[in-house]
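The values are calculated or read from the model by the stated rules, or taken from the named source; none is laboratory data. Just so it is clear, the model here is predicted, and its values are computed rather than measured. A quick note on method: Cβ atoms are made from the backbone with ideal geometry, for glycine too, and the neighbour counts reach across all protein chains shown. Surface accessibility is based on the protein's heavy atoms, side chains included, excluding ligands, DNA and RNA. Shrake-Rupley method; radii C 1.70, N 1.55, O 1.52, S 1.80 Å.
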Amino acid sequence: WLKISGAPRAARLGPSAMDLAHLRGIGLPVIGPGTAAGSASRASAPASADLERREQCGGSSSASAAAAVGRSKDLGANKSAIAAACTGTSAPVPAATAAALAGHRQPLPDELVRSIPGPDIQILCFLLQFLESEGLGSVPVYINGGYVRDLLLGKEPDDLDLSICLRDCAEDVTVAGLLERLPKFAADRPALGIVEVKLATILSNESKDKQLDTFKAHFTDTTGKKTEVDVMPTIGEETYGDDNRVPIRDQRGTPEEDALRRDLTIGALLLRVEPVAGGGLSYELFDFYGGVEDIKAGMLRSPYPRDKTVSQVRAMVLRGPAEEQMASALGLDTAEEQEVMQVLWWAKVLMDDPVRICRALRFAAKFRFELHSSFWLAAPFALEALRSKVAGSRKNTEYHKLAGYGFGACLNFFELAFGRTFGPGQDLRLGPALFGGKDEKGKPKLITAVAGFDAEAFRSVAGEMREIAEEAELIGSLLASAIATSELQQGRKPAREEFVLACDGMCVSNAMREAGHSVLSAVERLTSDMPPPGRLEAGFAAACSIPAADLGLHVQVFEAFQLCAKGTAPASTVAARRRLALALLALPSAGAEPGLLERVRRAREALAFDRPAVRGGILSCQGLLEVPPRLRKQVADLLDVTLRLLRLDSPLETPEHLSELFAAQPAVREALAPSVWFEDDGKTLREEFQPPKKGKK
């Protein structure tokens, strides 16, 4: 039995109360002493020397311990109780109700405890039992970050992240050292329900050099379910280099210090987890910076320290004349002290890691929360660093997370990024800094500064992608739409080239690049000057009984919409891309001549006739049709368009098919006669089909 007498713990052979609870929960009989003595000893008041330490690290005083904390159902009561506790199938608590139930240093209400997934409870029990076995049962363990936020928002949480407060442990006690012993503990204690633990560092080599004590653990339970958990110590003060986003950290921080390093109050919430005598877990909420109130208000803001003066924070943030001038221009010299503290600390948070600007907008879009006004005063301090110093791939990662929230959240994000103005002259926008960055070679590649944004037009054209769920497709098409509906400052490039710059700077996937590039290329093709019809166009036009110029337009439309079919996109996505191209063509910025949109729509309707694609192999049938290689793409497109206009749905894949077509459509055969592209000698290409000479297009 494990005897707990306030401070020291003397281990004796035998299972602990947590073991007993688990054994009961999985339906095994338990023979041994009851838990009453364990309950009494665990509830004993800690020694006075221990009390101060526990308060610093978030521990409960003896009085608050008596009130306990939010308790889960006794996991050892019976088999059905643990099944209910571990399924995580109870209905989520509405966000407004959830937030109203919680408070700083208060028990987590049962309504919220029931939302914690059963597999997570099992992992927590396992880890706490492990710490007991290491003689560290009094070391505080916290659930942190988005997990706690989601609980209070009434959502089922995921991504379990844990912090262990090592503040009063010996220097040789580290998270890494503890976790390295977890796999053997799991193997020795299968009754705890975790059959395997695998460890992986989540650090770059640079982070390892800074001795960051952070690990990722993969837990596998008896059902085979795998759960990934990040584990780190509570972190104290963080310092950043000017060109380095990996901080140097004090790894013996207090919970309050750990919460302060978070970028948003709603992510600065901590949940202390402790075993309850007799089985189960208790949860105590730590809300040092008003995250619960911000959840209630639907507000995003950063925490700021309560133990520093404005002068101290100014010295930390305003590092040179440029920052001092910015602060004056923003009116911070005459603002209220609390407002200045909020703005400057948030500026520090953003300057330390400018990608937090992306995160703030992402969460605003995800939760439909409002960004506190101080954000727009803090952002100018970090804008240049976000624009040119942050690797674009880090931004791209944020946008893929954003896409997972769906079309509505993405739409809100892009409107904030391109439409919201801020700064001393209210002429700054986040879009140019958000989209682009340092490419793979470290060279900044970004879109031109935005001078105006038509939000109504953006919503209209972007609506064509409403049903798109694939992340890269959604972000790529919305970025293309935002650029196309923006007025860029002098020196802007065509929308397609601006889009390519942003993609290069963010090192995006081929899928994301193709999503926007295909649509913008189609619009460029539709608005490009149509070359005068030549011999080929004249022959096929005659076969269709339409003017050669009309046939040329149909070919142009066909080729433009074929661009939207590049890659491996499914038919529904290709159709959405084509609708988006038409919507962008209707914008004044597309520069389409009067009446073009209507002509394109009519041509598209005519080309919608469903027939198999023309196989390229039939253009090289000896003795029947031998198109010079240089002309094969042009002839294939003309042939495909002609067959659609003639409403011919027979396949054209073999020489036999071609012979049947020539017999039924002599005018098509005439359009493909060798004399069309060869001079009278039968082997020299006519001048109009010759490749352009060097220096000419």
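Across segment 451-461, what is the total count of residues that are surrounded by 15 or more Cβ atoms within 10 Å (Cβ to Cβ) and either without any contact (Cβ under 8 Å) to a residue 24 or more places away in the chain or under 21 Å from residue 513 (Cα atoms) (or both)?
Total meeting the criteria: 2.
Failed condition for residue 441, given (1) touching a residue at least 60 places away in the same chain (Cβ under 8 Å); (2) open to solvent by 30 Å² or more (accessible area, probe 1.4 Å); (3) over 24 Å from residue 593 (Cβ atoms); (4) of a type outside the set (Gly, Ala, Ser), with all others met?
Going through the list (1) touching a residue at least 60 places away in the same chain (Cβ under 8 Å); (2) open to solvent by 30 Å² or more (accessible area, probe 1.4 Å); (3) over 24 Å from residue 593 (Cβ atoms); (4) of a type outside the set (Gly, Ala, Ser), residue 441 breaks only (1).
So, residue 224, is that one among the small types (Gly, Ala, Ser), surrounded by fewer than 20 Cβ atoms within 10 Å (Cβ to Cβ), modelled with pLDDT of 80 or more and not in a loop (DSSP other than H, G, I, E, B) or not? Give the derivation first.
Numbers: among the small types (Gly, Ala, Ser): yes; surrounded by fewer than 20 Cβ atoms within 10 Å (Cβ to Cβ): yes; modelled with pLDDT of 80 or more: yes; not in a loop (DSSP other than H, G, I, E, B): no.
No: the conditions fail for residue 224.
Taking the criterion of being surrounded by 16 or more Cβ atoms within 10 Å (Cβ to Cβ) and under 30 Å from residue 449 (Cα atoms), would at least one residue in segment 539-560 satisfy it?
Yes, the conditions are met somewhere in segment 539-560.
Among 643, 619, which is the only one that is of a type outside the set (Asp, Glu), closer than 25 Å to residue 529 by Cα and within 49 Å of the chain's Cα centre (by Cα)?
Numbers: 619 fails: closer than 25 Å to residue 529 by Cα.
When all the criteria are applied, what remains is 643.
If residue 641 satisfies every condition in (1) in contact with a Phe, Trp or Tyr (Cβ under 9 Å, 6 or more places away or on another chain); (2) among the β-branched types (Val, Ile, Thr); (3) closer than 14 Å to residue 669 by Cα but one, which is the exception?
(3)
Can you work out which of the residues in segment 242-263 that are among the aliphatic types (A, V, I, L, M) and modelled with pLDDT under 90 is farthest from residue 350 (Cα to Cα)?
Keep residues of segment 242-263 that are among the aliphatic types (A, V, I, L, M), which gives 246, 248, 259-260.
So of that shortlist, the ones also modelled with pLDDT under 90 come out as 246, 248.
Details: 246: 14, 248: 16 Å.
This residue is 248.
Take segment 621-633 and flag every residue that is open to solvent by less than 80 Å² (accessible area, probe 1.4 Å), in contact (Cβ under 8 Å) with a residue 12 or more places away in the chain and farther than 15 Å from residue 668 by Cα. Steps first, please.
Of all residues in segment 621-633, those open to solvent by less than 80 Å² (accessible area, probe 1.4 Å) come to 621, 623-625, 627-628, 631.
With in contact (Cβ under 8 Å) with a residue 12 or more places away in the chain added as a condition, the list becomes 621, 624-625, 627-628, 631.
Result: 621, 628, 631.
For segment 402-438, which positions are closer than 23 Å to residue 373 by Cβ and open to solvent by 30 Å² or more (accessible area, probe 1.4 Å)?
Of the residues in segment 402-438, the ones closer than 23 Å to residue 373 by Cβ are 402, 409, 411-434.
Scanning segment 402-438 gives 412, 415, 416, 419, 420, 421, 424, 425, 426, 427, 428, 429.
What pairs come out if I take residues in segment 592-612 that are more than 19 Å from residue 638 (Cβ to Cβ) and pair them with residues that are small (Gly, Ala, Ser) and open to solvent by 50 Å² or more (accessible area, probe 1.4 Å) whose C-beta lies under 8 Å away, six or more apart or interchain?
The qualifying pairs are 592/586; 597/586.
Please verify whether segment 80-96 includes one or more residues that are outside any loop (DSSP other than H, G, I, E, B), within 30 Å of residue 178 (Cβ to Cβ), more than 28 Å from the chain's Cα centre (by Cα) and at pLDDT 90 or above. So that I can check it myself, show each step before the final result.
First, pick out the residues of segment 80-96 that are outside any loop (DSSP other than H, G, I, E, B): 80-87, 95-96.
Now narrow it down to the ones that are within 30 Å of residue 178 (Cβ to Cβ): 82, 85-87.
The next check asks that each one be more than 28 Å from the chain's Cα centre (by Cα); those that pass are 82, 85-86.
Among the residues that remain, those that are also at pLDDT 90 or above are: none.
The answer is no, given that none of the residues of segment 80-96 is outside any loop (DSSP other than H, G, I, E, B), within 30 Å of residue 178 (Cβ to Cβ), more than 28 Å from the chain's Cα centre (by Cα) and at pLDDT 90 or above.
Scanning for something within 19 Å of the chain's Cα centre (by Cα), farther than 23 Å from residue 359 by Cβ and loosely packed, with under 15 Cβ neighbours inside 10 Å, does segment 465-475 turn up at least one residue?
Restricting attention to segment 465-475, the residues satisfying the condition of being within 19 Å of the chain's Cα centre (by Cα) are 465-475.
Those still in the list that are farther than 23 Å from residue 359 by Cβ too: 465-468.
The next check asks that each one be loosely packed, with under 15 Cβ neighbours inside 10 Å; those that pass are 466-467.
Within segment 465-475 (the criterion being within 19 Å of the chain's Cα centre (by Cα), farther than 23 Å from residue 359 by Cβ and loosely packed, with under 15 Cβ neighbours inside 10 Å), the answer is yes, since at least one residue qualifies.
Of all residues in segment 656-697, count the ones that are on the phi < 0 side of the Ramachandran plot, open to solvent by less than 60 Å² (accessible area, probe 1.4 Å) and not aromatic (Phe, Trp, Tyr). Please lay out each step first, then the result.
Step one: of segment 656-697, the residues on the phi < 0 side of the Ramachandran plot are 656-681, 683-694, 696-697.
Add one more test, that the residue is open to solvent by less than 60 Å² (accessible area, probe 1.4 Å), and what stays is 657-659, 661-662, 665, 667-668, 671-673, 676-678, 684-686, 689.
Next, from what is left, pick out any that are not aromatic (Phe, Trp, Tyr): 657-659, 661, 665, 667-668, 671-673, 676, 684-686.
Residues flagged as on the phi < 0 side of the Ramachandran plot, open to solvent by less than 60 Å² (accessible area, probe 1.4 Å) and not aromatic (Phe, Trp, Tyr) within segment 656-697 amount to 14.
Conditions first: (1) over 20 Å from residue 541 (Cβ atoms); (2) open to solvent by less than 30 Å² (accessible area, probe 1.4 Å). Residue 650 passes all but one, so which condition is the exception?
It is condition (2) that residue 650 fails.
With respect to residue 526, determine if the residue is of a type in the set (A, V, I, L, M, F, W, C), open to solvent by less than 10 Å² (accessible area, probe 1.4 Å), within 22 Å of residue 592 (Cβ to Cβ) and more than 19 Å from the chain's Cα centre (by Cα). Spell out the reasoning first.
Details: of a type in the set (A, V, I, L, M, F, W, C): yes; open to solvent by less than 10 Å² (accessible area, probe 1.4 Å): yes; within 22 Å of residue 592 (Cβ to Cβ): yes; more than 19 Å from the chain's Cα centre (by Cα): yes.
Yes.
Which one of 391, 365, 385 is touching a Lys or Arg at 6+ places or on another chain (Cβ under 7 Å) and under 30 Å from residue 313 (Cα atoms)?
391
This table checks each residue for (1) of a type in the set (Ser, Thr, Tyr); (2) closer than 21 Å to residue 147 by Cβ.
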residue	(1), (2)
272	no, yes
288	no, yes
292	no, yes
302	yes, yes
315	no, no
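Scan the strands (runs of 3 or more DSSP E) fully inside segment 111-201 and keep the ones with 3 or more residues being surrounded by 18 or more Cβ atoms within 10 Å (Cβ to Cβ). Walk me through how you get there before you give the answer.
On the way: elements: 141-144, 161-164, 194-201.
Passing ranges, in order: 141-144, 161-164.
Being modelled with pLDDT of 90 or more and within 17 Å of residue 496 (Cα to Cα) is the filter here; which residues of segment 431-446 pass it? Don't jump to the end; show me each part of the working.
Of segment 431-446, the ones modelled with pLDDT of 90 or more are 431-435.
Within segment 431-446, 431, 432, 435 qualify.
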